[in-house]
Amino acid sequence: MSKLIYRRRQSARPAPHAGEPTYGPLTAEELQLAVRNHSMPLEALREDITPPGLHYVLTHFDIPHIDAGSWHLRIGGAVERSLELSLAALKKDPAISVPVTLECAGNGRSLLKPRPLSQPWTLEAVGTAVWTGVPLAYLLAQARVEPEAVEIVFTGLDEGIQGGVRQQYARSLPIAEALRADVVLAYKMNGSELPPQHGYPLRLVVPGWYGMTSVKWLQSIQVVTVPFHGFQQSVAYRYQHTADDAGAPVSRIRIRSLMLPPGIPDFYTRRRILSRGPVMLRGRAWSGEGAVTGVDVGIDGKWAPAQLEKAAGAFAWRGWSFPWVADPGEHELACRATDATGAVQPLEQHWNYQGMGNNVVQRVKVRVE
Ligand SMILES: Nc1nc2c(c(=O)[nH]1)N[C@H]1C(S)=C(S)[C@@H](COP(=O)(O)O)O[C@H]1N2
Ligand SMILES: [Mo]
């Protein structure tokens, strides 16, 4: 994690391919993905709502160019009435604003050993925004979903090839989840028009689910009577032990917390340096499975409970704080959250083939002077 080493292509040794686990140094392909898809700088944990431009971004293919004037959203499939809506028409419908913590299911992937070759996140593929738009349930009620419907498929306008399969990015949601009152078709992020990288002109936001569910650059919404088996549903985003194991689908965000790194960083190592004396350690915790009920802070392996703040929403992170008197020397700080289901962050991550749902405890090394 601390060293970027470019992998030289050697004819004798075939390059590992996407998805394959490796113990090797970071590849040029991973670096390319890492610079396209940025994470949230940890200092942004100071804010309840992530400021514009600091929210993480993950885009599988290219950001599509969309002319909002001619763009339409199509709603069809197993409905009594198909709809085709312009952005102007959608903006006239009733709107809701929902604060949501989104996290990429691959967050933490690069810390795994061996490391699955894909977007090499460290710990910061997260952000919290207020998403404004039309409740999905409102539009589905207008379209009148047929009783035999089982899922809703959301398709984005972005296209590319993954796992050898040419595709438009698409994911489905079970009907019951799609009808939740807080699932939103958003045309605003933090009160402003959606930025191109976050799905302009319209995206889905499903609070509590890992980010892959919240399809950007929406083109169509199809109600289906058999489960969807698209690539991003049946191949990607699975908890698998091996390449051949069908695995279990990735869905809700697992309990996690992060600490706002105290003091100041060393440029290259990001190690923290701070002055002796009292310091308030702060951070945020979130879970898509149940409310955050506690955060423990570890100082050199000794754990004690932090003070919790109120969450901005049912699926938005909760601030926490912990007073510490820093004495000179090297220290390791950590934070570990628990949610209402009793789930607690693991001290060591259980490995899985695609590097999904990593929620290992964060450890912050500090030097107190
Ligand atoms: N159309 C489309 N939607 C998408 C993606 C994508 O590549 N294409 N990436 C998904 C993934 S994996 C994540 S984690 C989130 C990231 O949302 P953000 O970039 O707004 O943070 O978008 C999801 N929606
Ligand atoms: Mo993601």
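Quick notes
- Relative contact order (%) - criterion: Cα under 8 Å, at least six apart; region: region 193-319: 17
- Residue with peak Gaussian network fluctuation, the chain [Cα springs, cutoff 10 Å], from Asp296, Asp327, Asp339: Asp327
- Distance in nm between pseudo-label sites at Val224 and Ser192 (7 Å out along the Cβ direction from Cα): 3.6
- Cut-off 19 Å, label 7 Å out along Cα→Cβ of Ile264, residues of region 313-330 by amide N: 326-330
- Candidate aspartates and glutamates for bridging to Lys188, where Cα separation is under 17 Å - those fewer than 8 sequence places away on the same chain excluded: Asp67, Asp93
- Unit charges on C-beta of K, R, D, E only; dipole of region 135-276, Debye: 800
- Accessible-area rank, largest first, for Arg166, Arg238: Arg166, Arg238, with all protein chains present and a 1.4 angstrom probe.
- Area of Val325 that stays accessible when all protein chains are in place (1.4 Å probe, Å², to 10): 100
- Dipole of region 256-368 [Lys/Arg +1, Asp/Glu -1 at C-beta], most positive-end residue of Gly277, Gly355, Met259: Gly277
- The alpha-carbon of Lys365 sits under 16 angstrom from the alpha-carbons of these lysines, leaving out residues fewer than 8 places away in its chain: Lys302.
- Geometric extent, Cα atoms of the chain - Rg, Dmax (angstrom): 21.3, 69
- Cα gyration tensor category, rounded, prolate or oblate, for region 174-219 with a/c compared to 1.5: prolate
- Dividing the mean sequence gap of close Cα pairs (under 8 Å, 6+ apart) by how many residues the chain holds gives a relative contact order of 17 percent.
- Ranked order, Ile66, Ile255 - accessible area, probe 1.4 Å, largest first: Ile66, Ile255
- Solvent-accessible ranking of Ser172, Ser39, largest area first, probe 1.4 Å: Ser39, Ser172
- Extension reserve of the Leu31-Arg166 stretch, reckoned as 0.36 nm per residue once the Cα distance is removed: 46.3 nm
- Accessible area (Å², 1.4 Å probe, nearest 10) - Leu111: 50
- For q = 0.11, 0.15, 0.21, 0.24 Å⁻¹, Debye-computed log10 I/I(0) when each Cα of region 256-368 counts as one equal scatterer: -0.37, -0.67, -1.14, -1.32
- Whether region 16-69 is rounded, prolate or oblate, judged on the alpha carbon gyration tensor where a/c under 1.5 counts as rounded: oblate
- Virtual spin-label span in nm between Glu348 and Val150, 7 Å along Cα→Cβ: 4.0
- Accessible area of region 256-368 belonging to carbon and sulfur atoms, whole % at 1.4 Å probe: 55
The values are calculated or read from the model by the stated rules, or taken from the named source; none is laboratory data. Treat the numbers as computed from the prediction; the structure is a model and nothing was measured. Because the Cβ atoms are built from the backbone with ideal geometry, glycine has one as well, and the counts that use them run over all protein chains shown. Ligands, DNA and RNA are stripped out before the accessible areas are found, and what is left, the full protein with its side chains, is counted by its heavy atoms. Shrake-Rupley method; radii C 1.70, N 1.55, O 1.52, S 1.80 Å.
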